[in-house]
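FYI, it's all coordinate maths here, none of it is from the lab. None of these values were measured; they are calculated from a predicted model. Methodologically, a virtual Cβ is constructed for each residue, glycine included, from the backbone with ideal geometry; neighbour enumeration extends over all protein chains shown.
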Amino acid sequence: MHLRCCSMIQRQQLRRGARLIVVTVGRLNHFIDEGYISLREVKYLFLDEAGRMLDMGFEDSINFIFSHPSLTAKEERHSNV
């Protein structure tokens, strides 16, 4: 119940818009899938500890983000992994 409540609050806050979002890969994918976040205006995308995430089996989750159709074109954003 607590996690669900937390998720609801986060969704409400995201509806107002955000200049910076710090989020786990799993939560980001969930919010993208549910339509709460669009990546179309992303100018900077940083994945901290990407090597560790790959080692832990998050390759599909990372690929989901970088191949998502709403993600800003490479030429229009900065990515750092």
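A few remarks follow.
- Residues in the range 54-73 that a label on Val23 would reach, taking backbone N under 15 Å of a point 7 Å out along Cα→Cβ: 61-72
- The trypsin sites (Lys or Arg not before Pro) of the chain that meet both conditions, a loop assignment by DSSP and at most 12 other Cβ atoms within 10 Å of the site Cβ, are Arg16, Arg19, Arg40, Lys43.
- Mean separation of Cα contacts under 8 Å (6+ apart) over length of the chain, as relative contact order %: 36 percent
- Residue among Thr72, Gly35, Ile62 farthest towards the positive dipole end of the chain, charges placed on Cβ: Gly35
- Choice from Ile65, Ile32, Ile21 showing the highest fluctuation, given a GNM over the chain with Cα pairs closer than 10 Å: Ile21
- Residue with peak Gaussian network fluctuation, the chain [Cα springs, cutoff 10 Å], from Leu71, Leu45, Leu54: Leu54
- Kirkwood Rh (inverse of mean 1/r, distinct Cα pairs), the chain, angstrom: 13.6 Å
- Size of electric dipole in the range 2-80: Cβ of Lys, Arg +1 and of Asp, Glu -1, about Cα centre, debye, nearest 20: 480 debye
- Kyte-Doolittle mean at least -1.0 and Cα axial length at least 18 Å: DSSP H helices in the chain: 2-15
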